[in-house]
Every structure is written in structure tokens, then in C-alpha cells.
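A.B. asks: Before anything else, here's the structure in question.
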Amino acid sequence: MKKGIFKKEDIPYIISFIVIVIVLIFAFIFQKPAECPECPECICQKCPDCVMDCSLCPEKTKTETETITVTKYVCPDERIVDNADDCESEPKPVLDTGFDPILTNEEGTSIVNVTLKPACIKGKNGGGIYFKTDFTSRDITFEVKEDVNQEYREIFKISNLIERYTQFEICDECTGGADFNLEKNRIYLFRLRFNMTVLNKVYYSNEHIINTNPESSYMTKKCS
């Protein structure tokens, strides 16, 4: 009679082995799927396939928005101001000078720049005039008139220059600290006359209004 492979006393061990194998098989089949790691700086959890390595996650794009609030006030007279207190002040009247300045004189000329602005001349109110041209002028004449029907008159003259900054003082009793002076409480129409040396032509600058009345920017500039 052929003997069996297993002995009778081995049966309990065999049964235990089979049970362990069955448990392992069920544990493998029904094991809980791995969860995505908690990566606060990426979007792994939103991907179809879980990325277990946080370093492979795409970074979140952070968008910052800055909000700026601008407040304006509408006065009873329909003026729009930055501060409510400004409504209490009377609006500055629009000054009718009677002049209609020509602003196209410099087109097609060798005049590069002519600029006027308020300035302080040794503590006194006045202005500064800057000019620049492409070529030297035989002479540069500073001209003004105070009425539409008047002709321009010369108030200052210099020669053989391409560029210069010139100053004028607004005064009744002048100190002589500027190149020329203008009277107070007047409205002037101003221009420069360039007598070009090389081109043998005369060019005029654009016209500018110089207001020397108390409310003008030339007189309200604090110089003392």
C-alpha cells in the first residue's frame, strides 16, 4: 500500500496555511486604494491620476488683485472736487484776455523749443523763458503787446545764440535782477522773433499769454 505525501499529524498545519493564503488573497483583492497625499501647494487631488510624489504636482497660480478707491465730491454748483471742503471756496473766474494766441508759428521752422513758466527772481515774482533752435540766430528779439489791435514792441534783444534761458521780473519798483521787466496787473501777448543767420529767414515762436494780475500763476507763486 502506497503511503500518502502528508502525514495525519500535518493536517492542522496544512489547514492553517490554506487559511492564511486565503486571507492574504482577500486582503489583496479588497485592499483600500492609496489616497493622494496632502500637498497644500499643488493640485494633486484634482488630477484624474493620483500623483504620489508632491514634487511632481503642478504649482498653483496665485493671483493678487489690488483695489484702489478714488473718492470725488460733487458741489452744489456741480463742481467736482477731491475734498468736500473745496466746495466752500469760490471757483476761480475764467479770465478773458481777449487774445487768441497763434500756436502754429513754429511748424516747419528751425525752432526746436520755446517754453515759458513762472519763476522766482531773487525772491521776486517773475518768469523764465527758454529757447533752442537748430541754427544760430543773428538776433533774437523778445516782443510783447497788450492789446489785440496793437503792434508787437521790442522789450529785450540778444544775438548769436542757439539756446538760452532768460528771466524777467514782474514789478513796479524793479531790482534789476532779471534780463528785463514786466509791469504788474497787465496781460501780455508774448513771442520771440528769430533772425536766422544761415537761412537768412525770420521765424516767430508760438504766442504765449503772460498774465501779471494777482490771481495769475506768475503772481501766486510763493517767492519770499
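A.B. asks: Can you compute 3J(HN,Hα) from phi for each residue in the range 168-173, using the Karplus curve 6.51 cos²θ - 1.76 cosθ + 1.60 with θ = phi - 60°, rounded to whole Hz and x for Gly and Pro?
C.D. replies: Result, ordered by residue: 10, 10, 9, 6, 9, 10 Hz.
A.B. asks: How many Lys pairs in the range 126-224 lie less than 27 angstrom apart by Cα atoms, where the lysines are 8 or more positions apart or on different chains?
C.D. replies: Lysine pairs meeting the criterion: 14.
A.B. asks: Please turn the phi angles of the range 207-216 into ³J(HN,Hα) values with the Karplus equation 6.51 cos²θ - 1.76 cosθ + 1.60 (θ = phi - 60°), one per residue in order, whole Hz, x for glycine and proline.
C.D. replies: 8, 10, 8, 10, 9, 9, 6, x, 8, 6
A.B. asks: Let me check I've understood the local charge: for residue 123, count other residues with C-beta under 11 angstrom from its C-beta, Lys and Arg +1, Asp and Glu -1. What total comes out?
C.D. replies: Every neighbour counted, the sum reads +2.
A.B. asks: Okay, moving on. Place +1 on the Cβ of every Lys and Arg and -1 on the Cβ of every Asp and Glu in the range 111-220, take the dipole about the Cα centre, and give the residue among 176, 113, 208 whose Cα lies farthest towards its positive end.
C.D. replies: 113
A.B. asks: Which whole-number percent is the relative contact order of the range 111-220 (Cα, under 8 Å, 6+ apart)?
C.D. replies: Reported relative contact order: 27 percent.
A.B. asks: Here's something else I'd like to know. What percent does the relative contact order of the range 153-199 come to when contacts are Cα pairs within less than 8 Å and at least six residues apart? Each step should come with its number before you reach the end.
C.D. replies: Working: 29 pairs, mean separation 12.8, N = 47.
Answer for the range 153-199 is 27 percent.
A.B. asks: Listing 25, 187, 140 from the residue with the fewest other Cβ atoms within 10 Å to the one with the most, what is the order? List each step's numbers first, then the result.
C.D. replies: Values: 25 10, 187 17, 140 22.
The fewest-first ordering by Cβ neighbours comes to 25, 187, 140.
A.B. asks: Quantify how much of the Cα-Cα distance distribution of the range 111-220 extends past 17 Å, in percent.
C.D. replies: 52 percent
A.B. asks: Amide H neighbours of residue 213 under 5 Å, counting only residues 5+ apart in sequence or on other chains, H built in-plane at 1.01 Å?
C.D. replies: For residue 213, whose amide H was placed from the backbone, the distant partners under 5 Å are 185, 186.
Bear in mind that the values in this text are calculations on the coordinates, not laboratory data. Being a predicted model, the structure only gives us computed values, none of them experimental. Here the Cβ is made from the backbone with ideal geometry for all residues, glycine too, and neighbour counts use every protein chain on show.
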